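Here is the structure we will look at.
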There are 2 protein chains.
Amino acid sequence: MTLVLSPEDVFASTDIPKMIDAIENGIREQATDSVEMPPRLNIPTTSGFFRIMPAVMKTSGVMGLKIFNGSVEHGVRYVIAIYDEAKGDLLTLLDAAYLTGARTGATTGIATKYLARENSQSVGVIGSGLEGRTNLAAVCAVRDISRAKVFSPNPNNRERFANEMSASLNFEIRSVSTPEEAVSGTDIVVVATNTTGQGDLIAYKGEWMESGQHINSIGATGGKLREINPECFSRANQIGVDSEFQVKAESGDAIAAVETGAWDSKKIEELTSLVTKPFNRENDHITLFKSVGTAVQDVMSGYAVYQEAKRRGLGKEINFLEHKLF
Amino acid sequence: MTLVLSPEDVFASTDIPKMIDAIENGIREQATDSVEMPPRLNIPTTSGFFRIMPAVMKTSGVMGLKIFNGSVEHGVRYVIAIYDEAKGDLLTLLDAAYLTGARTGATTGIATKYLARENSQSVGVIGSGLEGRTNLAAVCAVRDISRAKVFSPNPNNRERFANEMSASLNFEIRSVSTPEEAVSGTDIVVVATNTTGQGDLIAYKGEWMESGQHINSIGATGGKLREINPECFSRANQIGVDSEFQVKAESGDAIAAVETGAWDSKKIEELTSLVTKPFNRENDHITLFKSVGTAVQDVMSGYAVYQEAKRRGLGKEINFLEHKLF
């Protein structure tokens, strides 16, 4: 049987600390040679895109893919299909709208665990959407955070974020009226926006970076989007990425950094290296994490959610791919 | 809503002549620049393969992909997902085990329509499986066939094929005990086997080709499989393929033909060219069609089946990808 999971089922079956562990296991496996992850397919459609991201995890015993399509007019739809790697059974089909936000946050948690100062206590968040929430929650899962600030251009959105996330995380989150104020004096920054870089619309600027700060930037995952400027790449002492190839190919921020000469390959470390090799952070260094998402993150988080949903009896079983052919 | 279709639903919603038309429309669209079809992904797994074949058909207004995995021990599972190209809605998820056989047959029908002699009346079939059935049915949809012979190594299988297909097609099909006998004196040949080429296991040999004959070979879709020998490629005057790139990359028969020097690019025509440009066949020429399958065939046939299943009220609707995100 195949378990079909709605975003509500996925939400109820998501535990951010467990998802961080699941994805970190996937990244450790990626550092061996037992993962097959071809470059994702990015196919233009009349009004948007159709993307396909597969991964085969031979040691974890799962394989699958995310299929997502989107356009400005009709929004984005995400499906993840997870298979048993050895037997080939289709275990689950997930509506991955929430999962994509959760796994992006969990991946930021892994980067923060390996890049941010151990004694980090405060977070500045730019962006009040789903990704801002999951990224902040994941940062709080790996560091002992006791205060945070949030900025979003819409006052109602940032107030709501502050109230809801304060209740969820059990410490005070202040809504502030400028991005500079949100990040000033904080140990860790989360930039999670859909800004375009048109005009002055860069969400976070390198000139705001502070000694010892760690910055996570997970937006601008399309070539025409921008949320941080090239100075962020030139000022950071070390830069973590989930996939150097994919970040350079797809992130508008990384493309701009390459074009302006701010991209320095010597400073770049992929997560596979960060989680497997000792990394010594200088306390006054500035670190940056830039991600665009990988199929390993999707497959490992999707499988973790599937297991939890099964345990809780959530979702809907359908009899699919188990018919004898006449 | 997304319509989930079992192989029985797909079978009941398949009309071979209509599927030939649907795929031919897709191939005509492919000859313009409104189709996006990247090379398919072929990912090795521990015990087999995981393959992903997408296509975006901007004029037809559909897009989708086939996902299939297989191993010797656990068999093959095929899923096709079809989306509305403009809106991005997931219209249907099909168990494509039967559909894959049907669309392979329908594609052979298109090749036969453009390559075989107009006055072809007889067919020799080698192979008694699903593909033998769908390919013979499709040949009968494009030529006025009045007799056929079938060979398969297992006498029970070839007898059953002869009885069932005689009843279905309303003319006599004879079961014969050698492949040479099956194809001797016939106008059109269908080779649809899973032979490996080990030892003497070539299902059809170039030395059996007859003046004026048209041969369809749809097996040996993996590099290690073989069903026709290089002499077939050297003796044929014209050779049709569904995708020259994919046939040369994946078909064991084509790989062997290239290696032995029997592959002559000047004789090769893709279906996109055969269906859009006049092709003058000499009556005494020998023609060969070799296919490995394309995503355009999957998406166009899957959409045709979806439309017919909806009309008939078949399948099961599930509420998927239509949840508001909280």
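Read-outs throughout are calculated quantities, based only on the coordinates presented, and are distinct from any laboratory measurement. Since the structure is predicted, the reported quantities are computational estimates derived from the model, not experimental observations. With ideal geometry, Cβ positions are generated from the backbone for all residues, glycine too; neighbour counts draw on all protein chains shown.
What ranking of B:Thr45, B:Thr196 emerges when the number of other C-beta atoms within 10 Å of each C-beta is taken as an exposure proxy, fewest first? Show your work: numbers first, answer last.
On the way: B:Thr45 19, B:Thr196 15.
The most exposed by this proxy come first: B:Thr196, B:Thr45.
Hey, which lysines would be in cross-link range of A:Lys316, C-alpha to C-alpha under 19 Å, not counting anything within fewer than 8 residues on its own chain?
Output for A:Lys316: B:Lys316, B:Lys324.
Order by neighbour count: B:Ile145, B:Ile215, fewest other Cβ atoms within 10 Å first, most last.
Details: B:Ile145 21, B:Ile215 29.
With the fewest neighbours first, B:Ile145, B:Ile215 line up as B:Ile145, B:Ile215.
Nearest 20 debye, what's the magnitude of the dipole of the protein assembly as shown about its Cα centre given +1 on Lys and Arg Cβ and -1 on Asp and Glu Cβ? List each step's numbers first, then the result.
On the way: 66 positive and 82 negative charges, 98 e Å.
Magnitude of the dipole: close to 480 debye.
Given the protein assembly as shown, what percent of its DSSP beta bridges are antiparallel, to the nearest 5?
Values: 68 of 130 bridges.
If we restrict to bridges inside the protein assembly as shown, about 50 percent are antiparallel.
Below 16 Å, Cα to Cα, which lysines can A:Lys66 reach? Residues fewer than 8 away in the same chain don't count.
B:Lys66
Cα gyration tensor of segment B:1-113, axes a ≥ b ≥ c as square roots of the eigenvalues: rounded (a/c below 1.5), prolate (a/b > b/c) or oblate? Write down the numbers at each step before the final one.
Details: a/c = 1.39, a/b = 1.29, b/c = 1.08.
Judged from the Cα gyration tensor, segment B:1-113 comes out rounded (a/c under 1.5).
Contact order normalised by length for segment B:105-290, with contacts defined as Cα pairs under 8 Å and 6 or more residues apart; what percent is it? Kindly include the intermediate steps, with their values, before the conclusion.
Working: 432 pairs, mean separation 41.1, N = 186.
Answer for segment B:105-290 is 22 percent.
Within straight cross-link reach of B:Lys224, meaning Cα distance under 21 Å, which lysines are found once same-chain residues fewer than 8 apart are removed?
Cα-Cα hits under 21 Å: B:Lys205, B:Lys248, B:Lys290.
DSSP loop (so not H, G, I, E, B), at most 15 other Cβ within 10 Å: list which GluC sites (Glu not before Pro) in segment A:256-297 pass both filters.
Values: sites: A:Glu259, A:Glu269, A:Glu270, A:Glu282; in loops: A:Glu282.
Within segment A:256-297, the qualifying GluC sites (Glu not before Pro) (loop, at most 15 other Cβ atoms within 10 Å) are A:Glu282.
Which percentage, to the nearest 5, of the DSSP beta bridges contained in segment A:1-138 is antiparallel? Intermediate results must be reported in sequence, preceding the final value.
Numbers: 31 of 34 bridges.
The antiparallel proportion sits near 90 percent.
Give me the number: length gained by fully extending B:Asn119 to B:Ser71, i.e. 0.36 nm times residue separation minus the C-alpha to C-alpha distance, one decimal in nm.
Numbers: separation 48, 0.36 × 48 = 17.28 nm, distance 4.18 nm.
Computed gain between B:Asn119 and B:Ser71 is 13.1 nm.
What is the set of long-range amide H partners of B:Thr196 at a cut-off below 5 Å, with H atoms built 1.01 Å from backbone N?
B:Arg226
Just to confirm my numbers, what's the Cα centroid distance between segment B:186-252 and segment A:73-99 in Å?
Cα centres, segment B:186-252 to segment A:73-99: 37 Å.
Only loop residues by DSSP count here, and only those with at most 11 other Cβ atoms within 10 Å; note down the GluC sites (Glu not before Pro) in segment A:79-165 that meet that. Please list the in-between numbers first.
Working: sites: A:Glu85, A:Glu118, A:Glu131, A:Glu159, A:Glu164; in loops: A:Glu85, A:Glu118.
Sites meeting the loop and neighbour criteria: A:Glu118.
Residues of A:83-92, mean number of Cβ from any other protein chain within 10 Å of their own Cβ, rounded to a whole number? Could you put the intermediate results ahead of the total?
Numbers: counts 6, 2, 6, 7, 7, 14, 3, 6, 0, 0.
The mean count of partner-chain Cβ atoms within 10 Å per residue comes to 5.
Need one number: % antiparallel among DSSP beta bridges in chain A, to the nearest 5. Let's see the in-between values first.
On the way: 34 of 65 bridges.
So the antiparallel bridges in chain A amount to around 50 percent.
Subtract the Cα-Cα distance of A:Ser184 and A:Ser47 from 0.36 nm times their separation in residues, and report this length gain in nm to one decimal. All intermediate terms of the calculation are to be shown ahead of the outcome.
Details: separation 137, 0.36 × 137 = 49.32 nm, distance 3.94 nm.
Once the chain is fully extended between A:Ser184 and A:Ser47, it gains 45.4 nm.
Along the Cα→Cβ direction, 7 angstrom out, place labels at B:Ala249 and A:Ser146. What is the inter-label distance in nm?
5.8
How would you classify segment A:106-290 from its alpha-carbon gyration tensor, with a ≥ b ≥ c the square roots of the eigenvalues: rounded for a/c under 1.5, else prolate if a/b is greater than b/c, otherwise oblate?
Taking the square roots of the gyration eigenvalues as a ≥ b ≥ c, segment A:106-290 is oblate.
For segment A:134-219, just say rounded, prolate or oblate: build the C-alpha gyration tensor, square-root its eigenvalues into a ≥ b ≥ c, call rounded for a/c under 1.5, and beyond that prolate if a/b exceeds b/c, oblate if not. Numbers along the way, then the final one.
Working: a/c = 1.74, a/b = 1.24, b/c = 1.40.
In terms of gyration-tensor shape, oblate.
Compute, for segment A:106-290, the length of the dipole vector about the Cα centre, with Cβ point charges of +1 (Lys, Arg) and -1 (Asp, Glu) only. Units Debye, rounded to 20.
On the way: 19 positive and 24 negative charges, 50 e Å.
Around 240 debye, computed over segment A:106-290.
For the protein assembly as shown, just the Cα atoms, rotate onto the principal axes and tell me the three extents in Å, largest first.
88, 48, 43
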